[in-house]
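K.L.:
Quick one: this structure, given as structure tokens, is what I'll be asking you about.
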Amino acid sequence: MFDILSFLEEKRDGMVHKAADIETFVNQFHQGTIPDYQVSAWLTSVYHKGLSTEELKTLTLALAHSGHVVSFPQGFKAADKHSTGGVGDKTTLVVVPLVAASGVSVAKLSGRGLGFTGGTVDKLEAIPGMNVHLSTEAFMNQVHRIGCAISGHSLELAPAEGKFYALRDVTATVPSLPLICSSIVSKKIAGGASSFVFDVKCGRGAFMQTFSGARDLAEALVSLSASLGRPSMAVISAMDQPLGKWVGNSMEVYEAIRVLQGAGPSDTETLSLNLAGTMIYLGGKATSLAEGIEMSQNTLKSGKALEKFKELIIAQQGDGAACDSPEKVLKPAEKKYTVFASESGFVSDLNARSIGEGVKRIGGGRTRQEEHIDLKVAVHLIAKIGDYVEKGDPLLDIYYSKEEKLQQAIFYFEHAVTLQSIKPLDQNLIMEIVAS
């Protein structure tokens with residue numbers, strides 16, 4: 001018989017739980033028969049003592065099966081991608097149609113932004129009419145019909161994970177590596193995908209700010225996924241400066257479409273091609289990662305990825321004209337404030353965290369999940385790391401709606417850019433690719 005006190009004592013003392021006890025613990029907490037304070041004690045013990053490989057597998061599966069699990073027909077395979085969160089990261093909007101147009105189905109479940117990082121669901125809502133809340137049946141049918149779908153996480157999927165995360169957030173246990181991995185992978189399993197690609201961000205604009213921390217997370221995610229029979233790979237990508245030239249929901253969709261049109265910024269295109277190539281390779285359409293990346297390049301050049309994104313938008317009741325004339329459908333807020341260079345020099349730093357915090361304060365982010373955001377506020381990054389500017393040249397254009405919000409944000413924008421007399425060394429955008 002399950003005894004909660006003995007269970008808590010086991011992990012407190014660094015012992016290994018029985019699989020059946022972990023399953024009972026998750027189920028009883030989900031059902032409300034174990035109080036928050038006892039679960040909080042267990043989370044703290046896990047933070048300090050960790051979980052064994054078998055414990056982590058059991059916990060992940062228990063969380064995944066605490067609600068509905070998307071189940072595609074036998075033999076049907078779909079890929080999914082997960083980003084650990086960044087500033088200006090609009091790659092999902094490029095990667096999903098790119099992979100689908102290359103012959104690998106994509107079942108993409110996405111979230112809203114929280115804190116200083118953006119969310120794919122928020123971005124897509126900038127497209128007029130776009131439905132980002134598909135039912136499980138509609139989600140599965142669309143993946144079958146056109147090869148891809150992007151939808152917000154259903155509360156039916158891995159509901160116990162949501163309860164655990166809410167407690168982690170208020171007990172200072174969010175950084176626990178096994179708890180991070182079980183949270184991410186449980187939702188991916190519940191979403192029905194058979195292979196995963198993880199975009200693990202590294203830098204000041206990321207959750208993992210050091211390369212060693214990012215690598216540890218990447219290796220742990222790939223290892224856990226492999227142990228559960230889901231092939232995966234992780235791309236560690238730099239997030240010291242924002243990705244692309246635009247930060248802000250509506251204009252990030254605009255920039256993603258420009259990438260699909262073959263006219264977007266090189267960093268966004270490069271990362272998207274690497275992520276897409278990895279998904280194509282894991283999906284069995286390429287015999288090597290290099291071949292997968294080459295296939296993604298060819299698909300992008302052919303225009304098929306842009307066509308697929310338009311098909312996805314229309315399937316989800318959005319305005320397909322966004323793909324034809326994005327500048328007419330996706331516009332920034334009307335008011336503009338410009339930050340100018342106070343001296344001449346090379347941009348040596350463009351602090352992603354500071355830009356993200358600024359965008360949040362002008363209305364582009366939220367501090368609570370239920371808050372409404374202004375989808376049109378945005379920042380245009382005129383100069384990026386390595387660019388030379390003269391004194392008085394524009395560095396950032398800030399598009400905003402309310403003066404009082406701009407005043408709350410100016411500090412973050414004006415302190416985001418650092419100039420120096422010597423050109424900085426080039427940064428590696430793709431820092432490492434981790435495979436099982």
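The values are calculated or read from the model by the stated rules, or taken from the named source; none is laboratory data. On a predicted model such as this, the values are computed, not experimentally measured, just so you know. Cβ atoms come from the backbone with ideal geometry, glycine included; neighbour counts cover every protein chain shown. The area values use the complete protein model at the heavy-atom level, side chains included, leaving out ligands, DNA and RNA. Shrake-Rupley method; radii C 1.70, N 1.55, O 1.52, S 1.80 Å.
K.L.:
Could you tell me whether any residue of region 331-338 is in contact with a helix residue (DSSP H, G or I) (Cβ under 6 Å, 6 or more places away or on another chain) and in a helix (DSSP H, G or I)?
P.N.:
Checked region 331-338: no residue is in contact with a helix residue (DSSP H, G or I) (Cβ under 6 Å, 6 or more places away or on another chain) and in a helix (DSSP H, G or I).
K.L.:
A further question on this structure: Could you list, in sequence order, all residues of region 340-374 that are modelled with pLDDT under 95 and either of a type in the set (Phe, Trp, Tyr) or in a loop (DSSP other than H, G, I, E, B) (or both)?
P.N.:
Across region 340-374, the qualifying residues are 365, 366, 367, 368, 369, 370, 371, 372, 373, 374.
K.L.:
Provide a single number: the residues in region 93-124 that are at pLDDT 95 or above, open to solvent by 10 Å² or more (accessible area, probe 1.4 Å) and within 24 Å of residue 251 (Cα to Cα).
P.N.:
Total meeting the criteria: 2.
K.L.:
Let me ask another. So is residue 245 out of contact with any His (no Cβ under 7 Å at 6 or more places or on another chain), open to solvent by 10 Å² or more (accessible area, probe 1.4 Å) and modelled with pLDDT of 95 or more or not?
P.N.:
The answer is no for residue 245.
K.L.:
Within region 389-433, which residues are open to solvent by less than 50 Å² (accessible area, probe 1.4 Å), within 26 Å of the chain's Cα centre (by Cα) and β-branched (Val, Ile, Thr)?
P.N.:
398, 417, 430
K.L.:
Only residues that are of a type outside the set (D, E, K, R), part of a helix (DSSP H, G or I) and open to solvent by 10 Å² or more (accessible area, probe 1.4 Å): list them for region 184-213, please.
P.N.:
Listed by number, the residues that qualify are 184, 211, 212, 213.
K.L.:
Would you confirm whether any residue within region 314-327 is touching a residue at least 40 places away in the same chain (Cβ under 8 Å), in a loop (DSSP other than H, G, I, E, B) and at positive phi?
P.N.:
yes
K.L.:
Then there is this: Restricting attention to region 316-338, does a residue exist that is surrounded by 21 or more Cβ atoms within 10 Å (Cβ to Cβ) and of a type in the set (Val, Ile, Thr)?
P.N.:
No, region 316-338 has no match at all.
K.L.:
Being under 15 Å from the mean Cα position of the chain (by Cα), more than 14 Å from residue 66 (Cα to Cα) and not aliphatic (A, V, I, L, M) is the filter here, so list the residues in region 166-192 that pass it.
P.N.:
The answer is 181, and nothing else.
K.L.:
Could you go through region 398-406 and let me know if any residue there is among the polar types (S, T, N, Q) and assigned to a loop (DSSP other than H, G, I, E, B).
P.N.:
yes
K.L.:
Residues that are within 19 Å of the chain's Cα centre (by Cα) and in contact (Cβ under 8 Å) with a residue 12 or more places away in the chain, at least 2 per element: which helices (runs of 4 or more DSSP H) completely within region 80-165 meet that?
P.N.:
By residue number, 91-101, 120-124.
K.L.:
Of the residues that make up region 291-305, is at least one at pLDDT 95 or above, part of a helix (DSSP H, G or I) and more than 25 Å from residue 103 (Cβ to Cβ)?
P.N.:
Checked region 291-305: no residue is at pLDDT 95 or above, part of a helix (DSSP H, G or I) and more than 25 Å from residue 103 (Cβ to Cβ).
K.L.:
Checking residue 345 against (1) more than 27 Å from the chain's Cα centre (by Cα); (2) open to solvent by 20 Å² or more (accessible area, probe 1.4 Å); (3) touching a residue at least 60 places away in the same chain (Cβ under 8 Å): exactly one of these is not met. Which one?
P.N.:
Result: residue 345 fails condition (2) only.
K.L.:
Answer yes or no as to whether residue 154 is farther than 20 Å from residue 100 by Cβ, out of contact with any helix residue (DSSP H, G or I) (no Cβ under 9 Å at 6 or more places or on another chain) and open to solvent by 10 Å² or more (accessible area, probe 1.4 Å).
P.N.:
no
K.L.:
Would you be able to say whether some residue in region 380-396 is under 30 Å from residue 277 (Cα atoms), aliphatic (A, V, I, L, M) and at pLDDT below 95?
P.N.:
No, region 380-396 contains no residue that is under 30 Å from residue 277 (Cα atoms), aliphatic (A, V, I, L, M) and at pLDDT below 95.
K.L.:
From 259, 253, grab the single residue that is within 16 Å of residue 323 (Cβ to Cβ), touching a Ser or Thr at 6+ places or on another chain (Cβ under 7 Å) and of a type in the set (A, V, I, L, M, F, W, C).
P.N.:
After applying the criteria, what remains is 259.
K.L.:
Given the conditions (1) modelled with pLDDT of 95 or more; (2) open to solvent by 60 Å² or more (accessible area, probe 1.4 Å); (3) of a type in the set (Gly, Ala, Ser), which single one is not true for residue 41?
P.N.:
Of everything listed in (1) modelled with pLDDT of 95 or more; (2) open to solvent by 60 Å² or more (accessible area, probe 1.4 Å); (3) of a type in the set (Gly, Ala, Ser), residue 41 misses just condition (2).
K.L.:
Please count how many residues of region 166-183 are touching a helix residue (DSSP H, G or I) at 6+ places or on another chain (Cβ under 7 Å), under 27 Å from residue 238 (Cβ atoms) and part of a helix (DSSP H, G or I).
P.N.:
Total satisfying the criteria: 8.
K.L.:
Sticking with this structure for a sec: Sort out which residues of region 1-54 are polar (S, T, N, Q) and in contact (Cβ under 8 Å) with a residue 24 or more places away in the chain, and write them in order of number.
P.N.:
27, 28, 38, 40, 44, 45, 52, 53 - these are the residues of region 1-54 that are polar (S, T, N, Q) and in contact (Cβ under 8 Å) with a residue 24 or more places away in the chain.
K.L.:
Count, please, the residues in region 8-27 that happen to be open to solvent by less than 70 Å² (accessible area, probe 1.4 Å) and either small (Gly, Ala, Ser) or more than 17 Å from residue 182 (Cβ to Cβ) (or both).
P.N.:
5
K.L.:
Let me ask something else. Scanning for something among the hydroxyl-bearing types (Ser, Thr, Tyr), in contact with a Cys (Cβ under 7 Å, 6 or more places away or on another chain) and surrounded by fewer than 24 Cβ atoms within 10 Å (Cβ to Cβ), does region 132-145 turn up at least one residue?
P.N.:
no
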